[in-house]
Amino acid sequence: MAFAVVVALCLGGCSATKHVPDGQMLLEDVDIRIDGDRSAGKTEELVNFLRQTPNHRVLGFAKLQLATYSLSGRDSTRWYNRWLRRIGQAPVIYDPSLTDASARQLRQAMVNRGYMDAAVDIDTLLRPAHKRARVTYTIHTGAPHTIRSMALNVPDSGARAVLAADSSLIALAPGELLDRTRLDRMRADITSAMRRSGYYAFGKELITFTADTVAGSKEVDLTLNMSVSGVARDSVWEPARMYVVRSVSFVTEQAAEGAVRDTVPYRNITVVYGADRYIRPSALYDMCFIEPGQPYDSREVDRTYASLSRLSILRFINIDMQPAGAAGDIGLLDCVITISRNRKQSVTLELEGTNSEGDLGFGVGATYQHRDLTHRSDMLSVKFRTAYESLSGNLDGFINKRFTEYAAEVGLTFPKFILPGASRAFKKRMQATTELAVSFNYQERPEYTRVIFGAAWRWKWNNRNRDFNRRHTFDLLDINYVRLPHSTIDFIDQIAPDNPLLRYSYEDHFIMRLGYTFYRTNRRIPTPEVNAFAMQPWISTLRASAETAGNLLYGLSSLCGARRTDGAYKVFGIQYAEYVKGEVDYTYTRNFNSRNALAVHVGFGLAVPYGNSSMVPFEKRFYAGGANGVRGWGVRTLGPGEYDGRNYVSDFINQCGDIRLDLSVEYRARLFWVFEGALFVDAGNIWTIRDYPTQPGGVFRFDRFYRQIAASYGAGIRMDFTYFLLRFDLGLKAHNPARNQERWPIIHPRWGRDANFHFSVGYPF
């Protein structure tokens, strides 16, 4: 890939005008300059108003897409020429009419920001002999118009009450610019507030602004006007009237098509069924927030959409407000919610094959789902998996001569909040789904037989506002029980004579935890028409989690007067874990334009054992390195602290810790077709909170931890297929804190020692 890029640059640089027709010119460069108030706008923002821009540059200088296109021959009938043109970018031909249109757009952008006297000059450098053109736009901003006073002309008392209830709706203050974009945003915010307060048919066209200027002054007296007798959208709706919901009806798709109809009243809603009464009225009532007798509120409509979408049995949902006359000055609405059914049951099968150094194996998995188990859209999920691998060689003294696994999981998902004793109103207000699951896994290996049992009870819910989407997960109960009923006589003593970490991994253990996870982001899902960079100027993502284990068991042990065995309380004869753990990860991505972005990531984690445990369970500890960590190291090959890990097979069990720190900066650029490039710098490490003999140099100390932060750098190629992304990253060590190893590999690099290649799906952060 790197070789292809170099060739494309070399050849394309000499033939950028290869496909420029005679008499026309390649738009080589465009520059925007601001003469006057520099705060009027940033160049990277003003570029969006240009009607014609030059071919994209990678890293600010290399027109890789144009170079790729230029590699194609003139014969468009050949497949490889068509392919090169499809993944490349045709030369942008200079068009004087688009240049003039760009100047008009730039001036209008300045006017919209309050610079009414702005002017734009065009300076064009044409080189017909070389088929190249350069355009410079100079924006003369002039003095801006500012707001001297803000007045309201709102005759309707109900509308005045809406504005008075939320002072943030009138967001402009004296001295601010007369920014038309902000005025339009204010109109949209006021319209939303009106529609939340019963004014169903209210539109922003009923809001206008009057600007009065004083001769010889740039100050403006601004008046917001709200029409109360505005022209109706049609013969039915009256925009300035408040509306109240008269009735709420659910109509199944079969009934809507005129089949057999069965009307069932339930509380304050009505359900009209067809031949298949696949969902109970109570389930629909629990998901509906639109209530008869209440003023129309657009937020309740959105909440109803969101709640009904949690019902897996529903495939289609449409909420329609229909006029139903008036009662005095109040309009009446009939809410009709049309729903259609999804498939009730499904079965999926998975088959895989393995070949481990000549030992053949296979795996078979099956998943069964029932999306309407009790006619309340409760989903039952049953999963089975089995795997087998034959083993060759001398296996004398082992208890098994194969790898065998049998796994099963049964889960129930309820589209509502389930908690004994909670009121119906509280459950409805939570808008949460409840998941119950039990799992069983039986493994046979030559050295041991292991049984893993799990059970979980958790709640999940979402909430969002205009800017951020938030997801919450609360694990009320999560049990993990691991038992080794059979093993070779000296298995544990051979692999871990004095390593408590390794012994714990293969001994019976019990974890009973409670946890909470919070996720917040303003990221919007990209579409084929709009790539991830172009959708929004910045993306902020925060993930935080906390969990604790063993508290309930410890309390029961103390209350029951249980005695310690070998210095610890036990349940079913097994010592249970007791610890607290927390993690925070924050990512900020700045999209400079549709093709260039800079992402920054900071992560921190801390786990502390206490009470019944002297060590955090191995599976709950942190590790460093890998595709999403410090990419100069392989997964679980970095740290803790100065630990000298050299052998992945024997050292990986010790390369875990109780403290995690991650720092990363990554520059991302779209190259051509589906390819993206990246340059990155990573830093971080893990540490232990106690000085364990098997992890020398791993303990965290404030006076030296900063010298133990590892650093790496590298480059990556990504393939963005819109709905998923394949990532190939090459990381190189820059600073290695491990004892007895090269401290600064960036000065004395060695490929075999310092390079690590990673393949993954999705961005690292």
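The values are calculated or read from the model by the stated rules, or taken from the named source; none is laboratory data. Here the structure is a predicted model, which is why all the values come from computation and not from measurement. FYI the Cβ positions are ideal-geometry reconstructions off the backbone, even for glycines, and counts take in every protein chain you see. Heavy atoms of the whole protein, side chains included, go into the accessibility calculation; ligands, DNA and RNA do not. Shrake-Rupley method; radii C 1.70, N 1.55, O 1.52, S 1.80 Å.
Over the chain, DSSP H runs of length four or greater, each weighted -39,500 (n - 2.57), average out per residue to a 222 nm ellipticity of -5000 deg cm²/dmol. FRET efficiency for the Asp467 to Tyr388 pair, using the beta carbon distance and R₀ = 41 Å, is estimated at 0.20.
Using every pair of separate Cα atoms, the Kirkwood estimate puts the hydrodynamic radius of the range 702-749 at 13.0 angstrom.
Each 20 Å bin, from zero up to the one with the longest distance, holds this percent of the alpha carbon pairs of the chain: 12, 33, 37, 18, 1, 0. Max-minus-min Cα coordinates of the range 24-83 on each principal axis give 53, 26, 15 Å, with the largest extent listed first. Give me the net charge of Glu28's neighbourhood, meaning all other residues with Cβ under 12 Å from the Cβ of Glu28; Lys, Arg count +1, Asp, Glu -1. Counting the neighbours of Glu28, the net charge comes to +4. In sequence order, the range 759-765 has phi-based couplings of 10, 8, 10, x, 5, x, 6 Hz under the Karplus curve 6.51 cos²θ - 1.76 cosθ + 1.60, θ = phi - 60°, and Gly or Pro positions carry x. Using equal-weight Cα scatterers in the Debye expression, the normalised intensity of the range 399-464 in log10 at q = 0.13, 0.23 Å⁻¹ is -0.54, -0.93. Distances between placed amide hydrogens fall under 5 Å for Asn268 paired with no residue 5 or more residues away or on another chain. Using a probe of 1.4 angstrom and keeping all protein chains present, the accessible surface of the range 51-123 works out to 50 square angstrom per residue. Residues Asp100, Asp29 ordered from highest to lowest accessible area at a 1.4 Å probe: Asp100, Asp29. The residues neighbouring Ile574, those whose beta-carbon lies less than 11 Å from its own, together hold a net charge of 0 under the Lys/Arg +1, Asp/Glu -1 convention. Heavy atoms of the protein chains alone define the surface here; on that basis the range 683-761 has 54 Å² accessible area per residue at 1.4 Å probe size.
If the viscosity is 0.890 mPa s and the temperature 25 °C, what Stokes-Einstein diffusion coefficient in µm²/s follows for the range 80-179 when Rh is the Kirkwood radius over Cα pairs? The diffusion coefficient I find is 134 µm²/s.
Among the protein heavy atoms, those of Tyr610 account for about 80 Å² of accessible surface (1.4 Å probe, every chain in place). For the range 669-765, the mean projected area of the C-alpha convex hull, equal to one quarter of the hull surface, is 8.3 nm².
Listed by chain and number, the lysines placed with their C-alpha closer than 17 angstrom to that of Lys416 are Lys427, Lys428, Lys460; residues fewer than eight positions away on the same chain are left out.
When a 1.4 Å probe is rolled over the protein heavy atoms, the share of accessible surface on the chain that falls to carbon and sulfur comes to 55 percent.
Contact order for the range 92-236, expressed relative to its length and based on alpha carbon pairs under 8 Å spaced 6+ residues apart, stands at 23 percent.
Computed with every protein chain present, the accessible area of Arg85 is close to 60 Å² [probe 1.4 Å].
To the nearest 10, the accessible area of Tyr305 is 80 Å² with a 1.4 Å probe. A simple rule links phi to the HN-Hα coupling: the Karplus curve 6.51 cos²θ - 1.76 cosθ + 1.60 with θ = phi - 60°, which for the range 611-617 gives x, 7, 10, 9, 8, 5, x Hz, with x for Gly and Pro. Residue by residue, the range 417-434 carries 3J(HN,Hα) couplings of 7, 10, 7, x, x, 6, 6, 5, 5, 5, 4, 5, 5, 5, 6, 10, 9, 10 Hz when phi is fed to the Karplus relation 6.51 cos²θ - 1.76 cosθ + 1.60 (θ = phi - 60°); x denotes Gly or Pro. I need to check one value: relative contact order of the chain, counting alpha carbon pairs closer than 8 Å and at least 6 residues apart, in percent. For the chain, the relative contact order is 6 percent. Shown are Phe759, Phe250, whose ranking by accessible area with a 1.4 Å probe and every protein chain present, most to least, is Phe759, Phe250. Across the range 142-202, C-alpha contacts under 8 Å between residues 6 or more apart give a mean separation that, scaled by the residue count, equals a relative contact order of 38 percent.
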